[in-house]
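The values are calculated or read from the model by the stated rules, or taken from the named source; none is laboratory data. Note that the coordinates shown come from a computational prediction; the quantities given were computed from them, not determined experimentally. Only protein heavy atoms, including side chains, enter the accessible area calculation; ligands, DNA and RNA are left aside. Shrake-Rupley method; radii C 1.70, N 1.55, O 1.52, S 1.80 Å.
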Amino acid sequence: MDLSVVDLSPVPRGGTAADAFANTVDAARHAERLGYERFWVAEHHGMGDRLAGTTPEVLLGRVAGATDSIRIGSGAVLLNHYSPFKVAESFGVLDGLAPGRVDLGMGRANGSPASDRALGTDRRVENPNEDHRERITAVVNHLRDAYPDEHPYADLSVPGSAEGPAVPWVLGSSPASGEIAGELGLRYCFAGFIRPGFAERAFAAYREAFDPDAGPGGLDEPQGMVAVNAVAAETDAAAARRRAPAEATFRRMKRSELGDETPTEEEAIDELGGAPDPTPATLDDDEWPRSISGSPETMSGLLEQLADRVGVDEVMIQHTVPDREAALDSHALLAEAMDLDPRAD
């Protein structure tokens, strides 16, 4: 099974966005050496004091120059904020910078009313699913120069490499996103750390709707990936402690009290009233935790279980580990757990 990483560019305590971006680039190099398949960066708005990753297409230019072989991409570009043509142009440039190894992960999300207004985003779309489908289709048509001759955009072109264009993915956390990906014949990544209870239904919708001939996807059969919040440590107990910041953050989000900083491991344990219980090595059939943790041996089994449930052979790792060295150590132990083949420096 392949492993990949999505990085949120968290601002370290007492640090700046410059520190966050330096850590992201370092994490990309680290993931490449360990043998991870791809390294994606995220897009969040209005939280610049916590998450510096607002503009994947800019940050990926730096990641492209710092890496050689790992696939790089967006997890995700939020299409409801942007012109499809501009998104295609940006990722055409990235393909020119990192020929043949760019992924364009496309999603949608609304932020606060203030950030959406500042982005010029319409929050009152009459048919959000149809709007999203049309935007994705437009991006792919621009990337692949696939508009028919009579279309007004037929003469528009985007830059790129001979190995490109960027590979499109649909990202989401609901059956609706899976259905859109299937109808367009595109790759699909489900965000299991957002709404894990929908994972199996979303992939079922994806496969049921999949039509290789109906859309611009170009795939002969479905191809998917599931993203999970996962951390590893030498023992199950140590990994559960390392998972504490994620659990505390989830609780804060439920209360709409995220706070100004991600809690440290010790702060999170204090906030939770104790360290979280270790994730059991075998999950119940209807159990899909928001986050999982364990030793390499435990994580190997857990990741295989979750991947098997949705029928994929690649898992993308997301985590909430504020300590940089602990975060890199977790990635290394997960690579060990799944027996990844390291790349030579």
### Query
In the calculated pair distance distribution of the stretch 144-204, what percentage of Cα-Cα distances lie above 19 Å?
49 percent
### Query
Excluding ligands, DNA and RNA, what is the solvent-accessible area per residue of the stretch 228-344 at a probe of 1.4 Å, expressed in Å²?
47 Å²
### Task
Whenever you get a sec, compute what percent of the accessible area on the chain sits on carbon and sulfur atoms (1.4 Å probe).
47 percent
#### Entry: Å² of accessible area per residue within the stretch 24-136, as computed with a 1.4 Å probe and no ligands counted
40 Å²
### Summary
With no solvent term and unit scatterers on the alpha-carbon positions of the stretch 228-344, Debye gives log₁₀ I(q)/I(0) at q = 0.15, 0.16, 0.22 Å⁻¹ of -0.64, -0.73, -1.25
### Task
Treating the angle as unsigned and between 0 and 90°, give the value, to the nearest 10°, between the Cα long axis of helix 199-209 and the longest Cα principal axis of the chain.
20 degrees
### Message
As a test of the definition: which semi-axes, in Å, follow for the chain when you take the square root of five times each eigenvalue of its alpha carbon gyration tensor? Largest first, please.
### Response
32, 22, 21
### Share, in percent, of DSSP beta bridges within the chain that are antiparallel, nearest 5
5 percent
### Summary
In degrees rounded to 10, the 0-90 angle between helix 17-34 Cα long axis and the longest Cα principal axis of the chain is 90 degrees
### Three principal axis lengths of the stretch 1-172 [C-alpha, angstrom, descending]
52, 41, 29
### Under the Karplus curve 6.51 cos²θ - 1.76 cosθ + 1.60, θ = phi - 60°, whole-Hz ³J(HN,Hα) for the stretch 129-138, x wherever Gly or Pro sits
5, 5, 4, 5, 4, 5, 5, 4, 4, 5
### Query
What is the Cα centroid distance between the stretch 108-165 and the stretch 88-102, reported in whole angstrom?
16 Å
